[in-house]
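Notes follow once the structure below has been shown.
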Amino acid sequence: MADLLRDPIEYARLLRAVHEAVLSGVPSPRSPRSLVSESWDRSLAARVDPDRKLPPVVYQRDEVADLRDAHPLAPILPLLRQTLVSIADDAEHIMIVTDADGLILWREGASDVCRRADEVRLAEGTRWTEDVIGTNAMGTALATGEAVQIYSAEHLVRTYHTWTCAAAPLRDPDTGALLGAIDVSGPLRTVHPAMLALVTASASLAEGQLRAQLAVRDERTRRANMPHLAALRGEPGALLSASGRVLATESCELPSTVDIRRAGGAVALPDGRLGTVEPLPDGFLLRVKRGTRVTRAPKLSLRFLDSLFATVDGREVPITLRHAEILTLLALHPAGLTADKLAWQLYGDAGNPVTVRAEIHRLRGQLGPDAVRTRPYRLAAELDADFLRARTAARGGATPDFPGPLLPESESPAVREERESLTALVRHVHLTTGDAEALWSYWDTSCGVDDTEIMDALLDALPLDDPRRSLVHTHRARLA
């Protein structure tokens, strides 16, 4: 950003040189920003041609009106106009609002800029996700869930190197789902470094207004349906929103949201209690049955391939590397391990069963006693582990989902052995199948990035006109 502030035009020239070098496979004067580089990779993997001229037209402009009226962002358009359009007008920019699929629903701003935007289909009814038009602020904001600014030749498609844009995603305060993105775009010569901050602030204001509107709807639903809750006459129950959020309770404690994938019938609460839900206007009535509790194994999800992430019944739990190592070994030994055997697999000859018992005690406190049992130590949960799925797929000859090595920071002897074995197995499957997309995914991991045999196989598998070949050639040449 410092280069942009010093000399925007010179900075644009530098970015064009970087763009040409990276895509042609020659040494680059500098590396693209990591955000941009990752977006280019996604776009090229989707077979976006950098010389492609225009995005697809999904709807004609007269067809967009009906989509606007039904879209949940329609009520906040006055706020966005107030905060963005006048500023965009003065700065010779335009304000754009998309839906979650990258379809432009609204575009307003300076008339001269709108005419220029029409020439490159930066207009209502066109789709701007990364997979169809490459790196751009709207598409990249939707892909990453973060506010971004894309300047000049950071756009993958050369047509847009004379444009700059800043965009931020908007989320539904009820469900957390993406609703769309707001964007400010304009010609390169009118770029302003504060546009990203302005768009980010406007997105926060817009989401705040959506939350306020949701609170009004909740209160309306609560008032209208309170007689149904009162009719329970002290029996445990609750009023729920249409998405399952708890609006009011009677004689019971509940989580903030109840899973109501069905519009009626029985539901199981996280603590094992049973209930029934009955449809109401704009919501549901939940009746909780007294004295009923079903015993079920908790759902334990482990994501240990190039990451450190665990959930129990959908709730994220903080996990240390040592606890991840223990869970990995227990997952690999479903029949269980004694303290002595677990200590040896964790620490080798220096293992101490007393240390293992203390770690298991802390781990059970985090995951719950029903997830980890003793005598012997074993997992009693309904387990979903990415490394087990990858191993099963690879052993069957299929290319697995493999974002990276198993617990790459672990020095545990048994974990290290499993990591090396799994990586070798996955690598072998990729080389054997020769599938271009699978090889590309494996090359994008820390295991495959410097693997010349993988790169040679990828160059053999990719079509000659695939723009990703230049990236592979460039990296291959650097290693050589």
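Taking the criterion of being open to solvent by 10 Å² or more (accessible area, probe 1.4 Å), in contact with a Lys or Arg (Cβ under 8 Å, 6 or more places away or on another chain) and not in a helix (DSSP H, G or I), the residues of segment 146-180 that qualify are HIS161, PRO173, ASP174, ALA177, LEU178, LEU179. Of the helices (runs of 4 or more DSSP H) that lie entirely inside segment 405-469, those containing 3 or more residues that are touching a residue at least 60 places away in the same chain (Cβ under 8 Å) and in contact with a Leu (Cβ under 7 Å, 6 or more places away or on another chain) span 413-433.
Report whether or not ALA297 is open to solvent by less than 70 Å² (accessible area, probe 1.4 Å), more than 30 Å from CYS447 (Cα to Cα), in contact with an Asp or Glu (Cβ under 6 Å, 6 or more places away or on another chain) and modelled with pLDDT under 95. The answer is yes for ALA297.
For segment 402-433, a residue qualifies if it is over 25 Å from LEU321 (Cβ atoms) and within 28 Å of the chain's Cα centre (by Cα), and the qualifying residues are VAL429, HIS430. Return the residue satisfying two criteria in turn: it lies in segment 364-398 and is of a type in the set (Lys, Arg) and not in a loop (DSSP other than H, G, I, E, B), and of such residues it is surrounded by the fewest Cβ atoms within 10 Å (Cβ to Cβ). So the residue we want is ARG395.
May I ask you to verify whether THR140 is touching a helix residue (DSSP H, G or I) at 6+ places or on another chain (Cβ under 7 Å) and modelled with pLDDT of 95 or more? In short, yes. Across segment 442-480, the number of residues qualifying as in contact with a His (Cβ under 9 Å, 6 or more places away or on another chain) and open to solvent by 70 Å² or more (accessible area, probe 1.4 Å) comes to 1.
LEU254 satisfies every condition listed in (1) open to solvent by less than 20 Å² (accessible area, probe 1.4 Å); (2) not in a helix (DSSP H, G or I); (3) not basic (Lys, Arg) except (1). For first residues located in segment 190-214 and under 17 Å from GLN82 (Cα atoms), partners that are at pLDDT below 90 and open to solvent by 50 Å² or more (accessible area, probe 1.4 Å) and lie 6+ apart or on another chain with Cβ distances below 8 Å form the pairs LEU198/ILE87.
The values are calculated or read from the model by the stated rules, or taken from the named source; none is laboratory data. Note that the coordinates shown come from a computational prediction; the quantities given were computed from them, not determined experimentally. For neighbour counting, all protein chains shown are included, and Cβ atoms are generated from backbone atoms with ideal geometry for every residue, glycine included. Surface accessibility is based on the protein's heavy atoms, side chains included, excluding ligands, DNA and RNA. Shrake-Rupley method; radii C 1.70, N 1.55, O 1.52, S 1.80 Å.
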